[in-house]
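This report refers to the structure that appears directly beneath it.
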Amino acid sequence: MEPSQTVVTTARVGQRGRLILPAQAQRATGITPGTQVVVRTGPAGSITIEPLWAVANRLRSEYAELLDGHLPGGAALLFAGGRDIDIDPSDLTVLGPVLHHLPDRAPASGRRAYRDDRGPVLTARAVLAWLTADHGTLVVDALPFGVMPEAAVSDLITVLAHAGAHQRADALLVDLGVLGLRLPGPSRNRTTLAQDTAVAVDLIGVAAQAGYALSMPDALCAAAARRLETGLIAADLLTPVAP
């Protein structure tokens, strides 16, 4: 929902910091009881209140144009990652179970193929696909409980740098966190990092044998999904290699 008009009004902060938004402000912004909002403090003591849907719309408006030419060409797709999939081994491609493409919805139940209690791992290009309304439908549902490993964060910042927008990285990551995406940061467990790297190298080799290029950041995300036993959402994951 887009704001219908600009409203400037006043309100009084009550006990325990409670603030009641005037009715005209609620109508103008579409805020109703139960609406989740972001409260930000700014310079000189300013405070802004922004509904989560407005955050998502703002990011898409800002970055879709800013990153034009750096966005993935295809939609975000769901891959098995580390999920235990019920499939005949003969139906698996040479890419194996981790990189096996799954339908967005389980045909029998109509439910998403990932679970709320174990959100999928998202690659940088999956998040970039979300920034384009045409290619981010799957990520819209996954973002509020997804995980973006450090390899994907670094990959995303690299894309911003190529677009000349690296100074916006912190703000973008904060907004993605506000929307629910978990950013666990660098692994302090060297054993886990080593294991993920070894799996990633193997996946890159498997992809190469099948005639595809798989980037190291995306391979690390696939390895993390395998370790976490969850799905992987990625865009432009496998690029055919010219013979």
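The values are calculated or read from the model by the stated rules, or taken from the named source; none is laboratory data. In this text the structure is predicted, and so the values were computed from the model without any measurement. Virtual Cβ from ideal backbone geometry, glycine too; neighbours counted across all protein chains shown. Just so you know, the surface numbers come from the protein's heavy atoms only, side chains and all, with ligands and any DNA or RNA stripped out. Shrake-Rupley method; radii C 1.70, N 1.55, O 1.52, S 1.80 Å.
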Study note, to complete from the structure: Inside region 206-243, the number of residues satisfying the requirement of being part of a helix (DSSP H, G or I), farther than 24 Å from ASP141 by Cβ, open to solvent by 30 Å² or more (accessible area, probe 1.4 Å) and modelled with pLDDT under 95 is 3
Review point. Restricting attention to region 57-65, does a residue exist that is among the aliphatic types (A, V, I, L, M), at pLDDT 85 or above, in contact with a helix residue (DSSP H, G or I) (Cβ under 7 Å, 6 or more places away or on another chain) and surrounded by 10 or more Cβ atoms within 10 Å (Cβ to Cβ)?
Key: yes
**Study point:** Answer residue from region 14-56, given it is closer than 30 Å to ALA142 by Cβ and among the small types (Gly, Ala, Ser) and is most open to solvent (accessible area, probe 1.4 Å) among those
**Key:** GLY34
Point to revise | Sole exception among (1) closer than 22 Å to VAL98 by Cβ; (2) exposed (fewer than 14 other Cβ atoms within 10 Å of the Cβ); (3) in contact with a helix residue (DSSP H, G or I) (Cβ under 9 Å, 6 or more places away or on another chain) for GLY185, by number | key: (1)
Check your understanding: Restricting attention to region 141-155, does a residue exist that is over 24 Å from THR239 (Cα atoms), open to solvent by 30 Å² or more (accessible area, probe 1.4 Å) and either of a type in the set (D, E, K, R) or touching a Ser or Thr at 6+ places or on another chain (Cβ under 9 Å) (or both)?
Key -> yes
Practice item. Look through GLY110, GLY81, GLY74 and report the one residue that is surrounded by fewer than 23 Cβ atoms within 10 Å (Cβ to Cβ), part of a loop (DSSP other than H, G, I, E, B) and at pLDDT 80 or above. Key: GLY74
